[in-house]
1. Students often get this wrong: which residues of the stretch 50-75 have the backbone nitrogen under 11 Å from the point 7 angstrom along Cα-to-C-beta of Ala29?
2. With a cut-off of 8 Å between alpha carbons and a minimum separation of six or more residues, what is the relative contact order of the stretch 106-155 in percent?
3. With a/c under 1.5 counting as rounded, go ahead and sort the stretch 133-200 into rounded, prolate or oblate using the C-alpha gyration tensor (a ≥ b ≥ c being the square roots of the eigenvalues; past the cut-off, prolate if a/b is larger than b/c, else oblate).
4. Where the accessible area of the stretch 93-200 is counted over protein heavy atoms with a 1.4 Å probe, how much of it, in %, is carbon and sulfur?
5. Amide H to amide H, which residues 5 or more places from Glu134 or on other chains are under 5 Å from it, using H placed in the peptide plane?
6. What is the dipole size for the stretch 63-200, taken about its Cα centre, with +1 at each Lys and Arg Cβ and -1 at each Asp and Glu Cβ, in debye to the nearest 20?
7. Using only Cα positions of the stretch 57-200, each an equal point scatterer, no hydration layer, compute I(q)/I(0) via Debye at q = 0.12, 0.18, 0.19 Å⁻¹ and quote the log10 values to two decimals.
8. What is the distance, in nm, between label points placed 7 Å from the Cα along the Cα-to-Cβ direction at Ser174 and at Lys9?
Amino acid sequence: KGFLPICAKSAYPFEGVYDGGGHSIYYCAVRTLDGKGSNPSTIVPATGLFGYVAGATFRDITMVDPVSIGAGSTGTLIGAVVGISGIDATPTVLRNIRVRKQSSTASEVYGTNFVGGIVGGVDANAVLMMSGCENENLPVGNSKEGSFAGGLVGGGTINATAVLDSCVNRAAVSAQGSRCAGGIIGGIEAANISDCVNYG
């Protein structure tokens, strides 16, 4: 089943710097649902290597053949980006982050609402900045009850902002939900996207 996300409670998000030094993390499995059809009502609300982050920095990390299966706000590296209370527009920054499906047939990202290859959801008043990030064939999908699915970022709620530069999605996005699906990002209120490419 894997393990619980780091910083699984929204009241205590990760606010530091995670520098992967160019190393790769293989076969990271985070499943906060027992299965794709499980009832999400009693489940950890943010699923990823890190559940909740706020004003954090991540750089130079590759995740190979990860599995991330949850309910709302499900991503490979980050489940949900939240704003820091009392501090306006403190961005969470991702540089040179890659996720890759290489050999494991089980490797995927799956959830309900806000499901993304790297980041699941961007919460109200939070800012996400990504540069040089890529999804290399890691499939993204959501259930028919869900919405907001994207190859890199699932999406954001009211007053959420995403700034993406020089990012690439090469993965299939299979959204069974009724709205908001995209190759780069499912949907967000404010975005500035430049030099990004979707092959998915």
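The values are calculated or read from the model by the stated rules, or taken from the named source; none is laboratory data. Just so we're clear, the structure is a prediction, and the values are computed from it rather than from any experiment. Ideal geometry is used to build each Cβ from the backbone, glycine not excepted, and the neighbour counts take in all protein chains shown. Keep in mind that these areas ignore ligands, DNA and RNA; they rest on the heavy atoms of the full protein, side chains included. Shrake-Rupley method; radii C 1.70, N 1.55, O 1.52, S 1.80 Å.
1. Of the residues in the stretch 50-75, 67-68 have backbone N under 11 Å from the label point off Ala29.
2. Working: 95 pairs, mean separation 27.9, N = 50.
Across the stretch 106-155, relative contact order equals 56 percent.
3. It comes out oblate by the Cα gyration axes.
4. In the stretch 93-200, the share of accessible area belonging to carbon and sulfur is 45 percent.
5. Amide H neighbours of Glu134: Ile97, Arg98, Val99, Val168.
6. Rounded to the nearest 20 debye, it is 260 debye.
7. So the normalised log intensities are -0.38, -0.88, -0.98.
8. Rounded to a tenth, the inter-label distance reads 3.7 nm.
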